[in-house]
Amino acid sequence: MAILILPRGVIIRLFFFLLVFVNLIFFAWAQGYFGATDDSREPQRLAQQLQAEKLRIVPGVQAPAVKKEEPVCRLVNGLTMADAEALKTAVEAFGGEAKVLPQEEPALHLVLIAELANKAAADKKSAELTRFGVPEHRVIALEGGRFEIVFGSFPTEAAARELLQGLTKRGIKSARLDAREQPPLKARLETRAPASTLLQHLPKLVAPHADATLGECAA
């Protein structure tokens, strides 16, 4: 049996025409020429995706704004300085604001002999006072090694001046008056927080302080 051997050029041309034929068959199948097409095929899905007239923009929906509760102010009276500081810390712990308002103490009016250079000078002056018949005095040590002799301290200048006049009549010429400011012992506490929070917590915090009272803040 003889075997037909085709020339090389003929084989190449046959192969080329075969590829063209296969591509034509695939194209016809993809376009649906061989029957109904499946919507899941790529051309149909692409066409559906490109239907711009069906697209619409949905505006963003904003959440309703939460109304912020206005802060209120309450004043706590009748506290010691230590209690005011402790209560301030407690108010800040639940998110409130607090401010300590020290209450000024009246000045004390002293009758004294001041600026004695050292203890020896103070002891010498004390001995002189005793000889003058003025035993009611105290020797006070100050910073820097200085001393002073105090005859008395009074809440009013008038009372102090009366003692000074008595000493002058007894020959004590070096005594004088000196008004001195006193550190605050009492304080008020100004507190601020949203109304519901402050009115819930503050009365409980104030309750243990027997002398404390609640009031309105100054306008």
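Taking the average, over residues, of other Cβ atoms within 10 Å as the packing measure, peptides 135-144, 96-105 rank 96-105, 135-144 from highest down. Based on C-alpha pairs under 8 angstrom that are at least 6 apart in sequence, segment 106-182 has a relative contact order of 48 percent.
Straightening the chain between ARG13 and MET81 buys 13.5 nm, computed as 0.36 nm per residue apart minus the Cα-Cα spacing. Going from the fewest other Cβ atoms within 10 Å to the most, the residues ILE113, ILE12 appear in the order ILE12, ILE113. Partner lysines whose Cα lies under 22 Å from the Cα of LYS88, excluding those fewer than 8 positions away in the same chain, are identified as LYS99, LYS186, LYS204.
Listed by chain and number, the lysines placed with their C-alpha closer than 29 angstrom to that of LYS124 are LYS169, LYS173; residues fewer than eight positions away on the same chain are left out. Within the shell of other residues whose beta carbon sits under 15 angstrom from the beta carbon of ALA218, the net charge comes to +2, with Lys and Arg scored +1 and Asp and Glu -1.
Computed from the coordinates by the stated procedures, all read-outs in this text should not be read as laboratory data. What you see is a predicted model, and the numbers here were worked out from it, not measured in a lab. Ideal geometry is used to build each Cβ from the backbone, glycine not excepted, and the neighbour counts take in all protein chains shown.
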